[in-house]
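A.B. asks: Once you've had a glance at the structure underneath, I'll fire off some questions.
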Amino acid sequence: DVQYTDIDYMVRQVDFTISESFAGLPALIDKIKAEGMRFIIILDPAISGNETNYPPFTRGVEKDVFMKRPDTNEILFSKVWSFLPNVQINESLPHETQVELYAAHAAFPDFFRNSTAEWWKTEILEVYNNPDASKSLKFDGLWIDMNEPAAFVNGAVDGCRNDLLNNPPYMPQLGSRSAGLSYKTPCMEAQQYLADGTPVRHYDVHNLYGWSQIKPTLEALQDITKERGIVVTRSTYPSSGKWSGHWLGDNTAAWDQMPKSIVGKCQEKGLHSWDHRILSQAVQSSFFNNTLLFQRQDPAAWDDKFKNVARDVLNIRYSLLPYLYTLLHDAHAHGSTVVRPLLHEFVEDRQTWDIDAQFLWGPALLISPVMTPNDRSVEAYFPNARWYDYYTEADTGFRGQVQNLSAPLEHINLHIRGGHILPWQRPANTTVYSRKNAMGLTVALDDALFAEGHLYWDDGVRIGTF
């Protein structure tokens, strides 16, 4: 139900701005929301430091929110290049000319600091309640990206100064070992401060950067919208799921990305995107992210045959939303998983330990997608349980064995595990309308003719409901 907008809506990818090319965005958001949908905008952490009149940076300097050099107490500037294809930067050009092409000097906020959280909320609020109504974006969620943190220069524009921290004796395998730990990220000696004022080096908290941004972002979103909302982040760390969902970063919609995505989804609860045949197998993922370098990937961009396939698959997803919603609540409340490998449910079955081409939604729904182009069948393993075909509800009789399953383009192999009850609801165009439809239960009995399940249900909006 969500339309996301990527960095295209900004002026030269500068946070908290709206490009003239997107002048109609506020009205589009209002229209989409009136039709029962939601809208999410993207924000990157790096803040441009060389704009002529850019209050977010000015206010950030006043609030002392940016990472600095420990020796000089000056802001540590990185570079964030333009994402526009075929743009060539001539470093010999005057700085004023370069600024038209990319945000040359960018500062990274230190999200551990309380002052940064306050500043971040202020800037997000101004996007939502801009005094100029033509620039006010009534978003429902926030998508945060580039928060590894990622840069397009190694360390800083004028280099790093602590060789030991940036090139330690033990160097992990990175994109470039010769560039050191500051490869496409800030210098490791950059000064940060914990909420209690304790000074730390970026070296000590690098892997926590995205984590530190998530909670302040959710707090800002909920304070502003007064609704539950959602934050989707690229960089995570254990416990991030308490405040955000996860996306796996851009992919090229190629077949080799498909198996990688299942591993990624089993590690986190992330959902993302595919091309024609791949979409037919994985269109149940809810996030179609298009980079500027690739053709459209959303279902509406394809031919009628595929649109019909996508529509059928999405109707299955919508039908199962009560089950998925319950799993998501369980994950939020108890730390359980939504998408999980087979071994999580059948740990004593050694055959499940190496399976990464199938996965489960919760304990009860087995998904066996096609992984290679042009295949019309799939080898699927069925652990020792009673398994029912999702579509026919027939007991398959498969247990503890590999089975070759037919997998035409329009069919995703789904099986329900005996002993479980799946809540479902008749689908509609959006969840606003599907939530008003009749609900039902699929009761899949185990060998003892027993089944159990539970349902979490609320208004989908309010904060702190149970």
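The values are calculated or read from the model by the stated rules, or taken from the named source; none is laboratory data. In this text, all values refer to a predicted model and were calculated from it rather than measured experimentally. Every residue, glycine as well, gets a Cβ built from its backbone with ideal geometry; the counts of neighbours run over all protein chains shown. The accessibility values were calculated without ligands, DNA or RNA, using every heavy atom of the protein model including side chains. Shrake-Rupley method; radii C 1.70, N 1.55, O 1.52, S 1.80 Å.
A.B. asks: Go through ALA220, ALA195, ALA179, ALA253 for me and flag whichever is of a type in the set (Gly, Ala, Ser) and outside the structural domain of MET37 (by the TED database).
C.D. replies: Numbers: ALA220 fails: outside the structural domain of MET37 (by the TED database); ALA195 fails: outside the structural domain of MET37 (by the TED database); ALA179 fails: outside the structural domain of MET37 (by the TED database).
Checking each option against the conditions leaves just ALA253.
A.B. asks: Could I ask something else about it? Considering only residues that are under 21 Å from PRO363 (Cα atoms) and at pLDDT 70 or above, look in the stretch 247-285 and name the one that is surrounded by the most Cβ atoms within 10 Å (Cβ to Cβ).
C.D. replies: Restricting to residues being under 21 Å from PRO363 (Cα atoms) and at pLDDT 70 or above, the top hit is LYS265.
For (1) under 14 Å from the mean Cα position of the chain (by Cα); (2) not basic (Lys, Arg), each residue gets a yes or a no:
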site: MET188; (1), (2): no, yes
site: GLN191; (1), (2): no, yes
site: HIS202; (1), (2): no, yes
site: LYS215; (1), (2): no, no
site: ALA220; (1), (2): no, yes
site: ARG228; (1), (2): no, no
site: HIS246; (1), (2): yes, yes
site: ALA253; (1), (2): no, yes
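A.B. asks: Restricting to the stretch 20-36, count the residues that are under 15 Å from THR225 (Cβ atoms) and not in a helix (DSSP H, G or I).
C.D. replies: Residues meeting the conditions: 0.
A.B. asks: Look through GLY419, GLY453, GLY464 and report the one residue that is within 24 Å of the chain's Cα centre (by Cα) and either over 20 Å from ARG311 (Cβ atoms) or hydrophobic (A, V, I, L, M, F, W, C) (or both).
C.D. replies: Values: GLY419 fails: within 24 Å of the chain's Cα centre (by Cα); GLY453 fails: within 24 Å of the chain's Cα centre (by Cα).
Within the list GLY419, GLY453, GLY464, the selection yields GLY464.
A.B. asks: Does any residue of the stretch 135-157 turn out to be touching a helix residue (DSSP H, G or I) at 6+ places or on another chain (Cβ under 9 Å), farther than 26 Å from GLU118 by Cβ and in the same structural domain as ASP8 (by the TED database)?
C.D. replies: yes
A.B. asks: Follow-up question, since we're still on this one. In this structure, is VAL432 more than 14 Å from ARG317 (Cα to Cα), among the β-branched types (Val, Ile, Thr) and assigned to a helix (DSSP H, G or I)? Please lay out each step first, then the result.
C.D. replies: Details: more than 14 Å from ARG317 (Cα to Cα): yes; among the β-branched types (Val, Ile, Thr): yes; assigned to a helix (DSSP H, G or I): yes.
The answer is yes for VAL432.
A.B. asks: To continue, here is another question. Look through the stretch 141-176, keep the residues that are assigned to a loop (DSSP other than H, G, I, E, B) and touching a Gly at 6+ places or on another chain (Cβ under 6 Å), and return whichever of them is surrounded by the most Cβ atoms within 10 Å (Cβ to Cβ).
C.D. replies: Among those residues, the one meeting the criterion is ASN147.
A.B. asks: Out of everything in the stretch 127-139 that is at pLDDT 95 or above and not in a loop (DSSP other than H, G, I, E, B), what residue ends up being surrounded by the most Cβ atoms within 10 Å (Cβ to Cβ)?
C.D. replies: VAL127
A.B. asks: Could you give me the residue pairs with C-beta distances under 7 Å whose first residue belongs to the stretch 1-23 and is within 30 Å of SER319 (Cβ to Cβ), whose second residue is part of a loop (DSSP other than H, G, I, E, B) and open to solvent by 40 Å² or more (accessible area, probe 1.4 Å) wherever it lies, and which are 6+ apart or on separate chains?
C.D. replies: Listed pairs, sorted by first residue: ASP1/MET37; VAL2/MET37; GLN3/MET37.
A.B. asks: Just give me the residues in the stretch 139-161 being under 27 Å from THR236 (Cβ atoms) and not hydrophobic (A, V, I, L, M, F, W, C), in sequence order.
C.D. replies: Let us first name the residues in the stretch 139-161 that are under 27 Å from THR236 (Cβ atoms), namely 139-156, 160.
Within the stretch 139-161, ASP140, GLY141, ASP145, ASN147, GLU148, PRO149, ASN154, GLY155 qualify.
A.B. asks: Shifting gears a bit: Can you say whether LEU142 is of a type in the set (A, V, I, L, M, F, W, C), more than 24 Å from HIS246 (Cβ to Cβ) and at pLDDT 95 or above, as far as the supplied structure shows? Explain how you work it out, then say what you get.
C.D. replies: Details: of a type in the set (A, V, I, L, M, F, W, C): yes; more than 24 Å from HIS246 (Cβ to Cβ): no; at pLDDT 95 or above: yes.
Answer is no for this residue.
A.B. asks: Inspect all residues belonging to the stretch 19-40 and state whether any of them is open to solvent by 50 Å² or more (accessible area, probe 1.4 Å) and under 30 Å from THR185 (Cβ atoms).
C.D. replies: So far as the stretch 19-40 goes, yes, one or more of its residues are open to solvent by 50 Å² or more (accessible area, probe 1.4 Å) and under 30 Å from THR185 (Cβ atoms).
Quick grid of which residues meet (1) outside the structural domain of PRO341 (by the TED database); (2) open to solvent by less than 10 Å² (accessible area, probe 1.4 Å); (3) at pLDDT below 95:
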| residue | (1), (2), (3) |
| --- | --- |
| MET371 | no, no, yes |
| ASN384 | no, no, no |
| TYR390 | no, no, no |
| GLU393 | no, no, no |
| THR396 | no, no, no |
| SER406 | no, no, no |
| HIS411 | no, no, yes |
| HIS415 | no, yes, no |
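A.B. asks: When you check ASP223 against the structure, is it without any contact (Cβ under 8 Å) to a residue 24 or more places away in the chain and charged (D, E, K, R), yes or no? Even if it seems obvious, please write down each step before you answer.
C.D. replies: Details: without any contact (Cβ under 8 Å) to a residue 24 or more places away in the chain: no; charged (D, E, K, R): yes.
It is false that ASP223 is without any contact (Cβ under 8 Å) to a residue 24 or more places away in the chain and charged (D, E, K, R).
A.B. asks: Which condition number in (1) buried (at least 17 other Cβ atoms within 10 Å of the Cβ); (2) in contact with a Pro (Cβ under 7 Å, 6 or more places away or on another chain); (3) at pLDDT 95 or above is the one that ILE421 fails?
C.D. replies: (2)
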